[in-house]
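Structure below; questions to follow.
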Amino acid sequence: DDVLVKLEQEHDVSSAAINAWIKPLHIKDVQSNKIILSLDAKYDERGIQFIKKKMYDFYISLAISDLTGKKYDIEFELEKEGEKPQETPAAAPEHDNNNLNPRYTFDTFVIGDNNRMAHAASIAVAEAPAEAYNPLFLYGGAGLGKTHLMHSIAHYIIEHNSSLNVLYVTSEDFTNEVINSIQHKKQEELRSKYRNIDVLLVDDIQFVIGKESTQQEFFHTFNALYNSKKQIILSSDKPPKELDVLEERLRSRFSWGLPVDIQPPNYETKVAILRKRAELDNIYIDDEIFDYIATHIKSNIRDLEGALNKIKVYSKLNKKPIDLELSKIALQDLIDNKTKQAITPELIMQTVAEHFNIQTSDIISKKRSHDIAYPRQICMYLCKKMTDQSLVKIGEIIGKRDHSTVIHGIEKIEKDLDKDPELSKVIDVITKKMD
Ligand code: ADP
Ligand code: MG
């Protein structure tokens, strides 16, 4: 119990996480330098992987060494069904057996330009299952929030509509179930289980594709649920039309409802997500550190959170407060090899396009509307300032324009910079995104 208190108060482990993940652990054995914890039989191997991923083993070891003054290695094993744990198990949280991460709710989801549609559609489906969009198909790259949104929908429906039978599975779960049912000749059982569901969420559906009998089974499940007006929610790393080996009949079904994408977050959204994360973890972190992380970690939100965790752990290990200097050291490995990219006209166009929410192809296109032409001129200005390319070359790269157009563009931005402080802020943000 003391360990639990310490974890919560000093190690920023949320009480939801403690209920879901730490309380189902039982002390199995204490050896001279090792503690073996067993995980409740309701969980499986993935539970242990999850605990390790979240570094709870590290925090537990830290808390125990604080309390006992002695360092133990922590090992995990799974309890078998029926094996009695030594301690009385803690009261299970209400929905702990449904594969849902308690942290992934709408409350903790930060809305940005990159995910606004996906979020709105998810809310609509959560509020009116099978009435708004069916199926809801969320797609986007790794670590951008698809699973978070799916869990949020499931949590919301379970809470507000408790009579509905909600099932969230990963493609892997589903595939395993199908394989097992075939092995044990229990296909009928599996079918009736899935046909009794009101809301089915299948995460990372791309992994079902190409696995013949699984895909077949899924097709039947999909049809049965769809025809009886049950809600189906799917996620994938690609839009339906790009799921190559998918049978045509499934592809078209996936597009019946609403396919919505999630894009990588822009700078502002990254900062908002980091701020939210720190707030949820109850730690104070200075804005300049958020700025540093957001400008240096380019890829996805999972990496952003990883960076924040790294800083937290580094500060704890070294017993130093979190400041910019410490953050830079903590993130050294993550950042060095990613940011030493040279600044090229291509990178500039890509960054500017991202900032203005347009396509790189717009910048090099012939379009002359202000919302495209102005970012294009900013590109010209930045290319002159930040690269060694000649004006002729810059014009060539930015859509085969002659060099007088480039000069005109650069002069326009220089003039505007003199009178418009907002513009210099914009240029500043874009420049930061590239370094
Ligand atoms: P995906 O399923 O698309 O690979 P996840 O849903 O697993 O991505 O998201 C990766 C991590 O980023 C999770 O910890 C999630 O909570 C977090 N995350 C993603 N999008 C957001 C958001 N908009 N607001 C807050 N956290 C987010
Ligand atoms: Mg996911």
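Identify, among ASN309, TYR284, SER327, the residue whose Cα sits farthest towards the positive end of the charge dipole of the range 270-354, taking +1 on the Cβ of Lys and Arg and -1 on the Cβ of Asp and Glu, with the dipole about the Cα centre.
ASN309
Also: If you scale each eigenvalue of the Cα gyration tensor by 5 and take the root, what three semi-axes come out for the range 168-208, rounded to whole angstrom and sorted largest first?
Values for the range 168-208, descending: 17, 14, 5 Å.
Considering only ILE22, ALA41, HIS148, whose Cα is most displaced toward the positive end of the charge dipole of the chain, charges sitting on Cβ of Lys, Arg (+1) and Asp, Glu (-1)?
Projecting each Cα onto the dipole axis, the largest value belongs to HIS148.
Please report the relative contact order for the range 284-435, taking Cα pairs under 8 Å with a sequence separation of at least 6, and give it as a percent rounded to a whole number.
Here the relative contact order equals 21 percent.
Quick one: pull the percent of accessible area on the chain belonging to carbon and sulfur, 1.4 Å probe, ligands and nucleic acids left out.
Ligands and nucleic acids excluded, carbon and sulfur give 49 percent.
Percent relative contact order of the chain, based on C-alpha pairs within less than 8 angstrom and at least six residues apart?
Reported as a whole number, the value is 12 percent.
Could I ask something else about it? What's the percent breakdown of Cα-Cα distances in the range 261-376 across 5 Å bins, shortest bin first?
All Cα pairs, binned at 5 Å, distribute as 2, 11, 19, 19, 16, 12, 9, 7, 4, 2, 1, 0 percent.
Order of 134-145, 363-374, 33-44 by packing, highest average Cβ count within 10 Å first?
For the peptides 134-145, 363-374, 33-44, the packing ranking is 134-145, 33-44, 363-374.
How many times 2.2 N^0.38 Å is the alpha carbon radius of gyration of the range 223-319?
Ratio of Rg to 2.2 N^0.38 Å for the range 223-319: 1.58.
Rounding to the nearest 10 and keeping the result within 0 to 90°, find how far the Cα-based axis of helix 301-317 lies from the longest principal axis of the chain.
70
How large is the charge dipole for the chain, taken about the Cα centre, if only the Cβ atoms of Lys, Arg (+1) and Asp, Glu (-1) carry charge, to the nearest 20 debye?
1000
For the range 91-238, what is the charge dipole size about the Cα centre, in debye to the nearest 20, if Lys and Arg each add +1 at the Cβ and Asp and Glu each add -1 at the Cβ?
That gives a dipole near 320 debye.
Name the residue from ILE158, ILE111, LEU136 whose Cα lies farthest towards the positive end of the charge dipole of the range 91-209, charges +1 on Cβ of Lys and Arg and -1 on Cβ of Asp and Glu.
LEU136
To the nearest 20 debye, what is the magnitude of the charge dipole of the range 118-196 about its Cα centre, counting +1 on the Cβ of each Lys and Arg and -1 on the Cβ of each Asp and Glu?
220
So, one more: Helix 267-280 against the longest principal axis of the chain: what's the angle in degrees, Cα atoms only, rounded to the nearest 10?
For 267-280 against the chain, the angle is about 30 degrees.
For the chain, what does -39500 (n - 2.57) per DSSP helix run (n ≥ 4), summed and divided by total residues, give at 222 nm, in deg cm²/dmol to the nearest 500?
Value at 222 nm, helices only, nearest 500: -16500 deg cm²/dmol.
If I model the chain as equal point scatterers sitting on the Cα atoms and use the Debye formula, what is log10 I(q)/I(0) at q = 0.06 Å⁻¹?
Debye curve over Cα of the chain, log10 I(q)/I(0) at q = 0.06 Å⁻¹: -0.34.
So which GluC sites (Glu not before Pro) in the range 235-288 end up in coil per DSSP with only 16 or fewer other C-beta atoms within 10 Å?
Passing sites in the range 235-288 are GLU247.
Please list log₁₀ I(q)/I(0) at q = 0.12, 0.24, 0.28 Å⁻¹ for the range 355-407, using the Debye equation with identical point scatterers on the alpha-carbon positions.
The Cα Debye sum returns log10 ratios of -0.22, -0.90, -1.17.
When only C-alpha pairs under 8 Å and at least 6 residues apart count, what is the relative contact order of the range 138-243, in percent?
Dividing the mean separation by the residue count of the range 138-243 yields 36 percent.
Another question about this same structure. For the range 118-264, what is the convex hull (Cα atoms) projected area averaged across all directions, in square nanometres?
The orientation-averaged projected area of the Cα hull of the range 118-264 comes to 8.0 nm².
The values are calculated or read from the model by the stated rules, or taken from the named source; none is laboratory data. From a predicted model like this one, the values you see are computed outputs, not experimental measurements. Ideal geometry is used to build each Cβ from the backbone, glycine not excepted, and the neighbour counts take in all protein chains shown. The area values use the complete protein model at the heavy-atom level, side chains included, leaving out ligands, DNA and RNA. Shrake-Rupley method; radii C 1.70, N 1.55, O 1.52, S 1.80 Å.
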